[in-house]
């Protein structure tokens with residue numbers, strides 16, 4: 001499957017007012033609908049996953065021509081689901097793969113390229129809605145991590161600001177990496193982060209005082225507070241290109257968190273950047289935040305996703321184990 005996001009470089013003006021030549025017009029008109037479906041997915045992570053999932057399904061079925069998609073039936077989907085079950089995949093992964101194929105066929109149906117969506121009516125693995133799989137830090141561990149970057153160096157100030165941005169606002173990995181200096185603006189007298197979330201949806205997250213302080217100290221030391229359109233969090237050194245004006249990468253953020261976790265003695269199996277989001281969401285719910293507000297805060301379209309972070313009924317300290325006394 002070819003990604004046609006960059007087809008825009010074919011657009012030219014021949015002086016007649018028409019932006020596309022006749023040949024270019026027909027080239028674009030012949031682009032398979034499946035490619036256009038993929039190009040219309042905004043989130044790069046979703047696009048990458050869905051592309052891989054659909055390609056795996058096409059390879060499983062042995063489809064060589066887009067027209068063969070019209071011949072796919074529910075039986076093909078069920079056979080693929082059975083093959084996925086044999087790979088011992090997590091239920092959530094299988095659900096995503098089936099959703100990817102279903103999304104493609106929904107689009108093809110709307111374009112009248114196929115008559116029906118064969119995924120409709122196919123049972124999907126049950127989601128484990130009791131508790132999320134991403135591990136969360138305890139309050140003590142979160143405090144240790146916040147204090148881990150010690151000193152007055154630019155790197156220490158930047159890293160304190162980054163950790164605060166995660167732990168006080170429950171932002172996603174890419175949402176922190178994509179923050180601009182101008183993302184922090186005042187709304188109704190309160191500083192907010194303007195966050196670009198999944199599906200290109202914008203939400204406004206009130207900034208925590210501790211994070212504002214850390215970010216202000218970092219920007220004062222870094223000296224790019226006037227570059228409103230530039231990245232907020234930047235490398236403090238770059239041994240490859242020397243470019244310090246770009247945004248710090250997601251991998252850079254992950255490496256940083258792992259390093260400070262080790263330094264602070266925070267041991268948690270499966271620790272990742274999403275663990276910081278889970279930590280903030282869990283903490284907010286445990287401190288009586290309304291789950292409907294937490295849903296908006298996290299940028300979830302469905303409250304059932306937010307409930308995965310609600311671990312108030314599974315806190316170890318509340319277990320009957322600790323009520324036993326002999």
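The values are calculated or read from the model by the stated rules, or taken from the named source; none is laboratory data. Quantities reported herein were computed from a predicted structural model and do not represent experimental measurements. Don't worry about glycine lacking a Cβ; one is built from the backbone with ideal geometry, like all the others, and counts go over all protein chains shown.
Output the helices (runs of 4 or more DSSP H) that fall wholly within the stretch 5-92 and possess 3 or more residues being touching a strand residue (DSSP E or B) at 6+ places or on another chain (Cβ under 6 Å) and at pLDDT below 75, or say none. Steps first, answer last, please.
On the way: elements: 22-29, 33-39, 44-61, 74-85.
In the stretch 5-92, no matching helices (runs of 4 or more DSSP H) lie anywhere.
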Positions within the stretch 135-152 being more than 20 Å from residue 249 (Cα to Cα) and in a loop (DSSP other than H, G, I, E, B), in sequence order
135, 136, 137, 138, 148, 150, 151, 152
Within the set of pairs 6 or more residues apart or between chains, which connect a residue that is within 17 Å of residue 40 (Cβ to Cβ) inside the stretch 108-122 to a residue that is part of a loop (DSSP other than H, G, I, E, B) and modelled with pLDDT of 85 or more with Cβ atoms less than 6 Å apart?
108/114; 109/117
Would you tally the residues in the stretch 303-326 being assigned to a helix (DSSP H, G or I) and out of contact with any helix residue (DSSP H, G or I) (no Cβ under 9 Å at 6 or more places or on another chain)?
6
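Return the only residue of 100, 39 being buried (at least 18 other Cβ atoms within 10 Å of the Cβ) and under 18 Å from residue 199 (Cα atoms). Full working, then the answer.
Details: 39 fails: buried (at least 18 other Cβ atoms within 10 Å of the Cβ).
None of the other options fit; the residue is 100.
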Verdict on residue 182 being out of contact with any strand residue (DSSP E or B) (no Cβ under 7 Å at 6 or more places or on another chain), more than 22 Å from residue 263 (Cβ to Cβ) and without any contact (Cβ under 8 Å) to a residue 12 or more places away in the chain
no
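Pick out the one residue from 122, 176, 190 that is closer than 30 Å to residue 94 by Cβ, over 17 Å from the mean Cα position of the chain (by Cα) and at pLDDT 90 or above. Lay out the reasoning, then the answer.
Details: 176 fails: over 17 Å from the mean Cα position of the chain (by Cα); 190 fails: closer than 30 Å to residue 94 by Cβ.
Checking each option against the conditions leaves just 122.
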Could you run through the stretch 197-234 and say how many residues are buried (at least 17 other Cβ atoms within 10 Å of the Cβ) and at pLDDT below 90?
1
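Output the residues belonging to the stretch 282-302 that are surrounded by fewer than 18 Cβ atoms within 10 Å (Cβ to Cβ) and in a helix (DSSP H, G or I).
Pass one, the stretch 282-302, residues surrounded by fewer than 18 Cβ atoms within 10 Å (Cβ to Cβ): 286-293, 296, 301-302.
Listed by number, the residues that qualify are 286, 291, 292, 293, 296.
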Given the structure, is residue 127 surrounded by fewer than 19 Cβ atoms within 10 Å (Cβ to Cβ) and modelled with pLDDT of 95 or more?
no
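Could you tell me which residue of the stretch 239-253 is modelled with the highest pLDDT, considering only residues that are crowded, with 16+ Cβ neighbours inside 10 Å and out of contact with any strand residue (DSSP E or B) (no Cβ under 9 Å at 6 or more places or on another chain)? Working first, answer last.
Looking only at the stretch 239-253, we keep the residues that are crowded, with 16+ Cβ neighbours inside 10 Å, and these are 247-248, 250, 253.
Retained after the next criterion (residues that are out of contact with any strand residue (DSSP E or B) (no Cβ under 9 Å at 6 or more places or on another chain)): 250, 253.
On the way: 250: 85, 253: 92.
If we take residues in the stretch 239-253 being crowded, with 16+ Cβ neighbours inside 10 Å and out of contact with any strand residue (DSSP E or B) (no Cβ under 9 Å at 6 or more places or on another chain), then 253 is modelled with the highest pLDDT.
Just one of 153, 93 is over 27 Å from the mean Cα position of the chain (by Cα), surrounded by 12 or more Cβ atoms within 10 Å (Cβ to Cβ) and closer than 30 Å to residue 267 by Cα; which is it?
Working: 93 fails: over 27 Å from the mean Cα position of the chain (by Cα).
None of the others qualify; the one that does is 153.
Can you spot a residue in the stretch 266-281 that is out of contact with any strand residue (DSSP E or B) (no Cβ under 8 Å at 6 or more places or on another chain), without any contact (Cβ under 8 Å) to a residue 40 or more places away in the chain, surrounded by 14 or more Cβ atoms within 10 Å (Cβ to Cβ) and part of a helix (DSSP H, G or I)?
Let us first name the residues in the stretch 266-281 that are out of contact with any strand residue (DSSP E or B) (no Cβ under 8 Å at 6 or more places or on another chain), namely 266-281.
Those still in the list that are without any contact (Cβ under 8 Å) to a residue 40 or more places away in the chain too: 267.
Adding the requirement that they be surrounded by 14 or more Cβ atoms within 10 Å (Cβ to Cβ) leaves none.
Looking for residues that are out of contact with any strand residue (DSSP E or B) (no Cβ under 8 Å at 6 or more places or on another chain), without any contact (Cβ under 8 Å) to a residue 40 or more places away in the chain, surrounded by 14 or more Cβ atoms within 10 Å (Cβ to Cβ) and part of a helix (DSSP H, G or I), one finds none in the stretch 266-281, hence no.
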